[in-house]
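Here the structure is laid out as structure tokens; the discussion comes afterwards.
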Amino acid sequence: MARPYDENHREALRDQLDLPVTERICPVCDHAGLRSYHHEEFGRSGPSMINYLWCPACHAYASSFTAADRRTVDRDPLADAHGDRIAEVMRDPEGLLRILDGYWTAGSLPQQMLRRPRG
């Protein structure tokens, strides 16, 4: 069952920021190899990112909302598959993480962060 990381878990995750996501250790179950997903949102004053970091073993997760600045993602398989329904899919953390795990298994994730061209 999906559950958000608490503040102590988030602190343990911050201590691992120098490691690639796939080498980080889950502070809940000690599984090595976390996963991440980024979804770019438009329609606000500027582009923003919804970010998910989760453990594929126990489905503990963290999500955040940040300014995209000049970053973008190379592809978004969730948006491609669910289009306008993506917000609905994101409201169910367990279902979302199952879908994202499937994308990892299929090789559609991880995403690359790219620099957005000036426009």
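If you scale each eigenvalue of the Cα gyration tensor by 5 and take the root, what three semi-axes come out for the stretch 63-108, rounded to whole angstrom and sorted largest first?
18, 14, 11
Can you compute the helix-only [θ] at 222 nm over the chain? Use -39500 (n - 2.57) per DSSP H run of at least 4 residues, normalise by all residues, nearest 500 deg cm²/dmol.
Values: 4 runs with 33 residues, N = 119.
Calculated mean residue ellipticity at 222 nm is -7500 deg cm²/dmol.
Run the accessible area of the stretch 1-74 with a 1.4 Å probe and give the carbon-and-sulfur part as a rounded percent.
Details: 2050 of 4100 Å².
Of all accessible area on the stretch 1-74, carbon and sulfur atoms account for 50 percent.
FRET efficiency for Arg75 and Asp6, Cβ-Cβ distance as r, R0 = 22 Å, nearest 0.05?
Using R0 = 22 Å, I get an efficiency of 0.10.
Please state the equivalent ellipsoid semi-axes for the stretch 1-70: what are the square roots of 5 times the Cα gyration tensor eigenvalues, largest first, in whole Å? The partial results should precede the final answer.
Working: eigenvalues 115, 31, 23 Å².
Gyration-tensor ellipsoid for the stretch 1-70: 24, 12, 11 Å.
In the full protein assembly as shown, how much of Asp18 is accessible to a 1.4 Å probe, in Å² to the nearest 10?
130
Please arrange Thr72, Thr105, Thr66 by accessible surface area, largest first, computed with a 1.4 Å probe and ligands excluded.
If we order Thr72, Thr105, Thr66 from most to least accessible, we get Thr105, Thr66, Thr72.
Accessible area per residue for the chain in Å², computed with a 1.4 Å probe and the full protein assembly in place, what is it?
Here the residues of the chain average 59 Å² of exposed surface.
So what is the relative contact order for the stretch 27-119, in percent, with contacts set as C-alpha pairs under 8 Å and at least six apart?
Details: 129 pairs, mean separation 25.2, N = 93.
Relative contact order, the stretch 27-119: 27 percent.
When only C-alpha pairs under 8 Å and at least 6 residues apart count, what is the relative contact order of the stretch 1-64, in percent?
Working: 102 pairs, mean separation 20.6, N = 64.
Here the relative contact order equals 32 percent.
Please report the equivalent ellipsoid semi-axes of the chain, computed as sqrt(5 x eigenvalue) of the Cα gyration tensor, largest first, in whole Å.
Equivalent ellipsoid of the chain: 23, 17, 14 Å, largest first.
So what's the gap between the Cα centers of the stretch 42-119 and the stretch 5-39, to the nearest angstrom?
Using only Cα atoms, the two centres lie 16 Å from each other.
The values are calculated or read from the model by the stated rules, or taken from the named source; none is laboratory data. A quick note: this is a predicted structure, and the numbers were derived from the prediction, not measured. We place every Cβ from the backbone using ideal geometry, glycine too, and count neighbours over all the protein chains shown. These accessible areas exclude ligands, DNA and RNA; they are computed on the full protein's heavy atoms, side chains included. Shrake-Rupley method; radii C 1.70, N 1.55, O 1.52, S 1.80 Å.
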